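A quick write-up on the structure given underneath.
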Amino acid sequence: MLRPCAHGAAKYGIDRAEWRAHLCGLCLGLRDGHGQLARATTNVDAIVLSMLTEAQLSGDVERTTAGRCALRGMQRASVATADSPGVQLATTASLLLASAKIRDHVADGDARALARTPMAKAASRWAGQAQDSAQRIGLDVESLVAALGAQTQLEAAALVGANQTRVSESLAASPLWREAMSNDAEPLAWTTAPTQLCASEFFAHTAVLAGRPDNVDAMRSAGWQFGRIAHLADAVQDFEQDQARGRFNPLAATGTSMPQAYDLLRESNARLRDAVAAAELDEVPTVRWMLLDPLRAVLGRLGRGIGAGIAHSCNVSRHTNEAGDAVVPQMLDLVTPQAHLPGNRRPTRRPGIGESLTLILGAYCTGYACCADHTRPCSGERKDAWIKRCDCSGCSDGGCGGCCDSCSCDCCGCDCSC
């Protein structure tokens, strides 16, 4: 999910090989600690844990020279040390998540009958190795294993709209988990909770390993939002394929429309950025380049895939102007009228043709799904087209510097004030 843009590295004055340094460090950490086969579990997104740990450390970070590798064109490279705390945390996450993913494939029947037994054995071995790795860095993974184990039960509960899943005491101790499992929570929250809990605890432990206890709560909140983004982004991308193959998809199972899912993604992204800012990491160049900008790019790609009309159909009752008055009246979801609006609040009336056209064309502010297209503070007025492409959000240099024009890829996350 996290694909940093080379143009962004130049903008922040970062060597673009820094991303590879963390990736290769993770791969070598898996090899050194758990054997050659464990390198197959390398999770590209897990390197954010190594990066976040380093971002909170004071002083220079340690690097080592890795040998020649075919994936680097048989070149040597300066990489993160395999025994560094951040790399050890990333290896734990890679092993645990790979184990859960393989078990899901076996449970869904994706694997051939002859392959299921060896795949199940590999999953069990990697889960055990993840627990051993976690012990070395002081991370308690009991609640994470319990959460991943409860995923199937929670998905079944979401299908019938009644959460009767019994959880272990380690899960009940988490306030975030209790909130997600409360009677007032939406069924969609039940299905995303295991991913969110794992991400939140891994993010929080970056602060522990870096010796920054004051950042633990902020990083746990950031991880909780990151987990929801990862889960919902996957659900949006796989929606049609899951429907065709009869697989569980949290959006279809809970009756969540694409506009609602996109609105939740925007909301989580905003809350994640707030949490990173609370930890005073939003100005660290590597955090912006390897985490914040790629997440914005993910939302941009999903928004283009969903379509402008869909992305602009959402509840607007929570958006107000500086005086505290609602910008526009609450609107109906035009794409899927039968679906709930966020918060299970149904509209009091169906919009007329004129309102529907202006809503689709973006004349009104329609929630997190389109606020990036509007002036700040949001007054409902749209930005110029070239500013919309930049998704500008508060740099001090007064211009994009040509980044968007020179970037031919779709991952450029321009973050500048235009």
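The values are calculated or read from the model by the stated rules, or taken from the named source; none is laboratory data. Here the structure is a predicted model, which is why all the values come from computation and not from measurement. Ideal geometry is used to build each Cβ from the backbone, glycine not excepted, and the neighbour counts take in all protein chains shown.
Scan segment 197-245 residue by residue and report those that are polar (S, T, N, Q), touching a Lys or Arg at 6+ places or on another chain (Cβ under 6 Å) and either more than 18 Å from A130 (Cα to Cα) or without any contact (Cβ under 8 Å) to a residue 24 or more places away in the chain (or both). Reasoning before the result, please.
Of the residues in segment 197-245, the ones polar (S, T, N, Q) are 200, 206, 215, 221, 225, 237, 241, 243.
So of that shortlist, the ones also touching a Lys or Arg at 6+ places or on another chain (Cβ under 6 Å) come out as 200, 225.
Within segment 197-245, just Q225 meets the criteria.
Among residues of segment 162-178 that are β-branched (V, I, T), those with a Cβ under 6 angstrom from a residue that is assigned to a helix (DSSP H, G or I) and at pLDDT 70 or above, sequence gap 6+ or separate chain, pair up as T165/Q153; T165/L154; T165/A157. Residues in segment 61-75 that are touching a Ser or Thr at 6+ places or on another chain (Cβ under 6 Å) and of a type in the set (D, E, K, R) were compared, and the one that is farthest from A210 (Cα to Cα) is R63.
L97 - would you say it is in a loop (DSSP other than H, G, I, E, B), in the same structural domain as G149 (by TED's automatic domain parsing) and touching a residue at least 12 places away in the same chain (Cβ under 8 Å)? Taking the combined requirement at face value, the residue does not satisfy it.
Comparison of T42, T64, T117 shows that the only residue that is surrounded by fewer than 23 Cβ atoms within 10 Å (Cβ to Cβ), of a type outside the set (K, R) and at pLDDT below 90 is T117.
In segment 264-277 there is no residue matching the filter, namely being buried (at least 23 other Cβ atoms within 10 Å of the Cβ), over 15 Å from V236 (Cα atoms) and in contact (Cβ under 8 Å) with a residue 60 or more places away in the chain. Scanning segment 232-242 for residues being under 17 Å from L159 (Cα atoms) and at pLDDT 90 or above gives a total of 3.
For segment 61-77, the candidate set comprises residues that are within 28 Å of the chain's Cα centre (by Cα) and not charged (D, E, K, R); within that set, the residue that is farthest from D15 (Cα to Cα) is L71. Condition check for I14 on (1) in contact with a Ser or Thr (Cβ under 8 Å, 6 or more places away or on another chain); (2) part of a helix (DSSP H, G or I); (3) within 30 Å of N269 (Cβ to Cβ); (4) of a type outside the set (D, E, K, R): one failure, at (2). T256 meets each of the listed conditions (1) part of a helix (DSSP H, G or I); (2) at pLDDT 90 or above apart from (1).
Looking at L57, L28, just one residue is within 26 Å of G227 (Cα to Cα) and surrounded by fewer than 21 Cβ atoms within 10 Å (Cβ to Cβ), and that residue is L57. Among the residues of segment 127-142, none is identified as among the β-branched types (V, I, T) and surrounded by fewer than 13 Cβ atoms within 10 Å (Cβ to Cβ).
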